[in-house]
Amino acid sequence: MKPKALVFDAYGTLFDVHSVVELCEMLWPGRGATLSQLWRTKQLEYTWQRSLMRRYQDFGQVTEGALSYACSALGLPLDAERRRRVMAAYGSLTTFPEVREALAELKARRLKLAILSNGSPAMLRPVVANAGLGGLITAVISVDPKKIYKPAPVVYRHAVERLRVPKAAIGFVSSNCWDACGAKSFGFRVFWINRSGAPVDALGAPPDHIIKGLDELPPLLAQPARTR
C-alpha cells in the first residue's frame, strides 16, 4: 500500500540538533562540537532510561539535565545565562538544507504530513514555527500525552490514533536508526535517512528503505514497497 500519510521524526531528521555548535563554541571556545555530541548522546540515553524506569520527565527537562551532565563531564562552567541561551537555541534549530523543498513536494502530492517527536509541545511549537514549516505539516504529535519515549510501541500507535490513518498506510521517516527500527517493529513502512553512512543496527526490524537525505524520498515513493 502506498502511504497516505508520512510521519517524520523531528530532532536529527528535520532539525539539525548540532546547529547549536556555533553558539556552544562561542560560549565555550574550542569545546563546542564535543559538548554538542555528548549533550545529544546523554539526551537520548536519558529518554531510554526514563522510559524503562517509568520515570517520565518532559523533553525540555531531559534536555536540560543532559546539558548539565555534559558540561560537568567536560569540566565546563554552566551559569544561569549560558544555560538560558543554550536551551533557547533548541527553539530555533535550523532544518537540513533539503527539508523544505522535499516537504513541499510531498505536500503537493496530497499526502498528510506529520511530526512524531520526543519533544514536548512547548519545545516543538517554536522550532516548527521558526523554521516556517507550519503550512506544510498537518499535525505535530508529541509523546508527552503518553508519558513515555520512542521507541515504545505506544508512541507509534499514538500517531495512528491522531492521524486516523491505518498503520499500513503510514510511512515513517527518521534519521535515528533506533527510531527507524522501532517504527518498523511496530509495523510502519520505514525510511531511514542515513546521512553519515552508518551501519544498520537492525534489532531484528530493519528499515524498508535507506536514503541519504530527505530529497530522495519523493522519487522513491513512486516505486512499489519492497517486501522482505
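The values are calculated or read from the model by the stated rules, or taken from the named source; none is laboratory data. This is a predicted model, so every value here is computed, not measured. With ideal geometry, Cβ positions are generated from the backbone for all residues, glycine too; neighbour counts draw on all protein chains shown. For accessibility, only protein heavy atoms count, side chains too; no ligands or nucleic acids. Shrake-Rupley method; radii C 1.70, N 1.55, O 1.52, S 1.80 Å.
Restricting attention to the chain, lysine pairs at least eight places apart or on different chains and with alpha-carbon atoms under 18 angstrom apart total 13. For the chain, the pair-distance distribution built from all alpha carbon pairs, in bins 10 Å wide starting at 0, is 8, 33, 37, 17, 4, 0 percent.
Label-to-label distance, MET87 versus TRP48, with points set 7 angstrom from Cα along the beta-carbon direction: 2.6 nm. In the full protein context, the chain carries 46 Å² of accessible surface per residue, based on a 1.4 Å probe and ignoring ligands, DNA and RNA. For the stretch 59-167, a simple Cβ point-charge model (Lys and Arg +1, Asp and Glu -1, everything else neutral) yields a dipole of about 520 debye relative to the Cα centre. Shown for the stretch 1-68 is the translational diffusion coefficient from the Stokes-Einstein equation, using the Kirkwood radius over Cα pairs, a temperature of 4 °C and a viscosity of 1.567 mPa s: 95 µm²/s. On full extension, the segment bounded by GLN57 and ALA169 gains 37.2 nm, given 0.36 nm per residue less the C-alpha separation. Once backbone amide H atoms are built at 1.01 Å from N, THR138 has LEU113, ALA114 as its partners under 5 Å, excluding neighbours fewer than 5 places away on the same chain. Which shape class applies to the stretch 109-184: rounded if a/c is under 1.5, otherwise prolate when a/b exceeds b/c and oblate if not, where a ≥ b ≥ c are the square roots of the Cα gyration tensor eigenvalues? Oblate, since a/c reaches 1.5 and b/c is not below a/b. For the stretch 125-228, a/c is less than 1.5, where a ≥ b ≥ c are the root eigenvalues of the C-alpha gyration tensor. That puts it in the rounded class.
Taking the Cα centre of the stretch 96-228 as reference, the dipole from Cβ charges on Lys and Arg (+1) and Asp and Glu (-1) amounts to some 480 debye. Amide H to amide H distances under 5 Å link ILE211 with TRP192, ILE193, ASN194, where only residues 5 or more positions off or on other chains count and H is placed in the peptide plane. Using a Gaussian network model of the chain in which every pair of alpha carbons under 10 angstrom is joined by a spring, one finds that among PHE188, PHE96, PHE59 the greatest mean-square fluctuation is at PHE96. How would the stretch 35-159 be classified by its alpha-carbon gyration tensor: rounded, prolate or oblate, with rounded meaning a/c under 1.5 and the a/b versus b/c comparison settling the rest? Oblate shape, in that a/c is at least 1.5 and b/c is the bigger or equal ratio. For the chain, a Gaussian network of Cα nodes joined below 10 Å ranks ASP215, ASP79, ASP16 by mean-square fluctuation, and the top entry is ASP79. Here the chain has 53 percent of its accessible surface on carbon and sulfur atoms, given a 1.4 Å probe and all protein chains in place.
As a length-normalised measure over Cα pairs under 8 Å and 6 or more apart, the relative contact order of the chain settles at 24 percent. Using only side-chain charges placed at the Cβ, +1 for Lys and Arg and -1 for Asp and Glu, the dipole size of the chain relative to its Cα centre rounds to 920 debye. Cα centroid distance between the stretch 1-73 and the stretch 193-214, in Å? Taking the Cα centre of the stretch 193-214 as reference, the centre of the stretch 1-73 is 20 Å away.
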